[in-house]
Structure formats: C-alpha cells, structure tokens
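Asker: Before we start, here is the structure in question, set down as structure tokens.
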Amino acid sequence: EAAARRGLTLMSRSRPLKPADLSRFDYVVGMEGKNLRAVQAATDFWASSSGPQGKGAAIPPDYKSRLSLMTTYCTANKGVDAVPDPYYGRGKAFEQVLDLLEDACAGLLDHIRRERGL
C-alpha cells in the first residue's frame with residue numbers, strides 16, 4: 001500500500017546472493033550491517049574457493065569494491081546506518097523505509113554518474 005500511494009510497483013523479491021552475481025552486477029548493496037557482513041563472508045568464501053580446484057564461479061578481483069551499504073548513499077538521511085525491515089515495525093514503518101530508499105537510490109544514482117562521468 002505504501003509503495004502504491006507513491007506510484008511505485010514492487011515487482012521483485014529478494015533472493016539469495018549467488019557467486020555469479022559478483023560478475024553480473026557492478027553494485028551489490030546491503031540494507032543493514034548484518035546483511036552486508038553476511039554478503040562479505042559469502043563473497044570472501046567464494047573468492048577463496050573459486051580457483052582451479054574450487055567449486056565457485058570465477059569471482060572478479062575487485063569484488064570487495066562492489067559491496068556497499070545502502071544508507072551510505074543517503075543525502076537527506078545522513079547518519080542513518082540501516083534500512084530497517086518494515087515487517088517488524090508498526091504504522092509508518094513502510095513509509096520510513098521508502099523515504100530512506102528514495103533518498104539512498106537518488107544518492108546511488110548520483111554516485112554512479114560521478115564514477116562513470118555521466
């Protein structure tokens with residue numbers, strides 16, 4: 001409902017990260033610290049086991065630079081260190097999450113534009 005009131009259609013769900021995602025995506029963004037630490041642990045494991053004898057997909061050498069925390073890109077909500085899970089909140093929790101994500105996504109887009117010279 002909160003997304004629809006903003007004219008947003010939520011079309012996907014989260015899914016587990018796969019080793020191939022590190023080659024497929026330039027940015028792998030975690031919503032909060034625990035999530036990002038789990039992603040870092042998984043990617044470190046995959047990188048250490050992706051050699052000729054390993055079972056993982058080829059992990060790019062710059063994989064650590066692809067990992068970030070969503071709130072790092074916030075401009076209006078500086079200092080917020082996590083996008084909370086709205087299912088555990090009350091009332092305006094979904095609105096708060098959407099506010100944070102709109103802010104962070106705009107900041108991420110600005111970051112990408114600067115990084116790529118666009």
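Asker: Within the accessible area of the chain, what % is carbon and sulfur when the probe is 1.4 Å and the other protein chains stay in place?
Answerer: Exposed carbon and sulfur together represent 55 percent of the surface.
Asker: I would also like to ask the following. Using the structure shown, list the pairs from LYS34/LYS78; LYS18/LYS78; LYS18/LYS92 with a Cα-Cα distance above 21 Å, or answer none.
Answerer: LYS18/LYS78; LYS18/LYS92
Asker: While we're on this one: Between segment 66-112 and segment 1-51, what is the C-alpha centre distance in whole Å?
Answerer: Cα centroid to Cα centroid, the span is 15 Å.
Asker: Also, quick follow-up: Can you give me the P(r) profile for the chain? Cα pairs, bins 10 angstrom wide beginning at 0, each as a whole percent.
Answerer: Computed distribution, short to long bins: 12, 37, 33, 15, 3, 0.
Asker: Dipole of the chain (Lys/Arg Cβ +1, Asp/Glu Cβ -1, origin at the Cα centre): which of ASN35, ALA93, CYS74 lies farthest to the positive side?
Answerer: ASN35
Asker: Counting only residues 5 or more places away or on other chains, whose amide H sits under 5 Å from the amide H of VAL28 once H atoms are built in the peptide plane?
Answerer: The answer is LEU67, SER68.
Asker: Here's something else I'd like to know. Using 7 Å Cα-to-Cβ label points, what is the LEU10/GLN40 separation (nm, one decimal)?
Answerer: Output for this residue pair reads 2.8 nm.
Asker: Once the piece of chain linking SER68 and ALA106 is laid out straight, how much longer is it, given 0.36 nm per residue of separation minus the C-alpha distance between them? Don't skip to the answer; put the middle values down first.
Answerer: Numbers: separation 38, 0.36 × 38 = 13.68 nm, distance 1.50 nm.
Contour length minus Cα-Cα distance gives 12.2 nm.
Asker: Using the Cα gyration tensor of segment 66-118, with a ≥ b ≥ c the square roots of its eigenvalues, what is the shape: rounded (a/c below 1.5), prolate (a/b larger than b/c) or oblate (neither)?
Answerer: prolate
Asker: Within segment 97-116, name every residue whose backbone N is under 17 Å away from a label modeled 7 Å from Cα of ALA76 along the Cβ vector.
Answerer: Answer for segment 97-116: 97-111.
Asker: Further question: Per residue, what accessible area does the chain have, given a 1.4 Å probe and all protein chains present, in Å²? It would help to have the intermediate numbers written out before the result.
Answerer: Numbers: 8400 Å² over 118 residues.
Dividing the accessible area of the chain by its residue count gives 71 Å².
The values are calculated or read from the model by the stated rules, or taken from the named source; none is laboratory data. Predicted model, so just to flag it, every value in this text is computed and none were measured. Cβ coordinates were reconstructed from backbone atoms using ideal geometry, including for glycine residues, and neighbour counts include every protein chain displayed. Ligands, DNA and RNA are excluded from the accessible area calculation, which covers all protein heavy atoms including side chains. Shrake-Rupley method; radii C 1.70, N 1.55, O 1.52, S 1.80 Å.
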